[in-house]
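This report concerns only the one structure given below.
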Amino acid sequence: MPEKGPLGLFGGAFDPPHRGHVALLEAARRQLGLERVLVLVSADPGHKRVATPAADRLALARAAFPDEPVELDEHPRTVDLLRAHPEWADPVFLLGADEFCDFLEWKEPDEVLRRARLGVATRPGYPRGRLDRVLARLEEPGRVLFFELEPVAVASRELRALLADGGDPGDAIPAAVLAEIRRRVLYPPPPGRLGSA
């Protein structure tokens, strides 16, 4: 019987989820041999403010990742999430290279790395020196796994602004996510611009 691959954990605010998120999950599953990926929608991210309620972001993530389990993560910090789930056997926590460059600022980064490996998405041409500086300060740098991701020029912040302006995101947002955004009337224009269309 073939050995099962590891569990992937993909956390984020997903405000809104976009094709870059989908591409990262698919690349990680393929290149790291993940058995399944649990998508974790951060109810209250410890590192950023979110304007969209967690229930709405959970629905958007479920639309973006229809084939994956999606759950709400009530822990503002990753180490607290991992401590709450000792049943996860050495999972792989997925993140982008830019996030990894800030990893030393996370709460208890070495404890995070003891409880989970990191799967870090790098794009071609990404400066390896930035990654090496973080690796050099970790107790167990061998628990960081890198995988390649073709660049996707899209960011949630820019998409929120585009939607608030009434713009068309094209294929930057999966169709099912865009339908859910419109059904829930998310990312409306700021109050001062309501009648300016």
Task: Residues (touching a strand residue (DSSP E or B) at 6+ places or on another chain (Cβ under 7 Å), within 24 Å of Gly170 (Cα to Cα) and either aromatic (Phe, Trp, Tyr) or assigned to a loop (DSSP other than H, G, I, E, B) (or both)) located in the stretch 3-61 - done: Ala13, Phe14
Open item on the list: So, in the stretch 73-115, how many residues would count as being under 14 Å from the mean Cα position of the chain (by Cα) and charged (D, E, K, R)?
Closed with: 4
Open item on the list: Looking at the stretch 17-44, I want the residues that are under 21 Å from Leu58 (Cα atoms) and have a partner that is basic (Lys, Arg) with Cβ atoms under 7 Å, at least 6 apart or on another chain. Which pairs are those?
Closed with: Val37/Arg29; Val41/Arg57
- [ ] Give the stretch 4-29 a look and list any residue that's of a type in the set (Gly, Ala, Ser) and buried (at least 17 other Cβ atoms within 10 Å of the Cβ), or say none.
- [x] Gly8, Gly11, Gly12, Ala13, Gly20, Ala27, Ala28
Open item on the list: Anything in the stretch 30-72 that is surrounded by 20 or more Cβ atoms within 10 Å (Cβ to Cβ) and of a type in the set (S, T, N, Q)? List them, or say none.
Closed with: Ser42
TODO: Select from the stretch 129-152 the residues that are among the charged types (D, E, K, R) and farther than 19 Å from Glu105 by Cα and list them in ascending order.
DONE: Glu148, Glu150
Open item on the list: So the check is Cβ under 6 Å with 6+ separation or different chains; which pairs have a first residue in the stretch 93-118 that's under 23 Å from Pro6 (Cα atoms) and a second one that's at pLDDT 95 or above and part of a loop (DSSP other than H, G, I, E, B)?
Closed with: Phe93/Ala116; Asp110/Glu139; Leu113/Glu140; Ala116/Pro91
Open item on the list: Just checking, does the stretch 55-76 include any residue being in contact with a helix residue (DSSP H, G or I) (Cβ under 8 Å, 6 or more places away or on another chain) and modelled with pLDDT under 95?
Closed with: yes
Task: Selection status of Asp168, acidic (Asp, Glu), at pLDDT 90 or above, closer than 19 Å to Phe10 by Cα and exposed (fewer than 14 other Cβ atoms within 10 Å of the Cβ) - done: no
- [ ] Count, please, the residues in the stretch 107-146 that happen to be part of a loop (DSSP other than H, G, I, E, B) and either touching a Pro at 6+ places or on another chain (Cβ under 8 Å) or buried (at least 18 other Cβ atoms within 10 Å of the Cβ) (or both).
- [x] 5
TODO: Sort out which residues of the stretch 26-72 are hydrophobic (A, V, I, L, M, F, W, C), over 26 Å from Leu186 (Cα atoms) and over 15 Å from the mean Cα position of the chain (by Cα), and write them in order of number.
DONE: Leu32, Leu34
Task: Residue list for the stretch 79-105, filter: under 27 Å from Glu150 (Cα atoms) and either surrounded by fewer than 19 Cβ atoms within 10 Å (Cβ to Cβ) or at pLDDT below 95 (or both) - done: Asp90, Gly96, Ala97, Asp98, Glu99, Cys101, Asp102, Leu104, Glu105
Task: Per-region count, the stretch 147-175, residues under 14 Å from Leu186 (Cβ atoms), part of a helix (DSSP H, G or I), among the aliphatic types (A, V, I, L, M) and touching a residue at least 12 places away in the same chain (Cβ under 8 Å) - done: 3
Task: Exclusive hit being within 20 Å of the chain's Cα centre (by Cα) and either surrounded by fewer than 12 Cβ atoms within 10 Å (Cβ to Cβ) or under 19 Å from Val22 (Cβ atoms) (or both), set Val185, Val177 - done: Val177
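The values are calculated or read from the model by the stated rules, or taken from the named source; none is laboratory data. Worth saying up front: this structure is predicted, and the values here are computed from it rather than measured. A quick note on method: Cβ atoms are made from the backbone with ideal geometry, for glycine too, and the neighbour counts reach across all protein chains shown.
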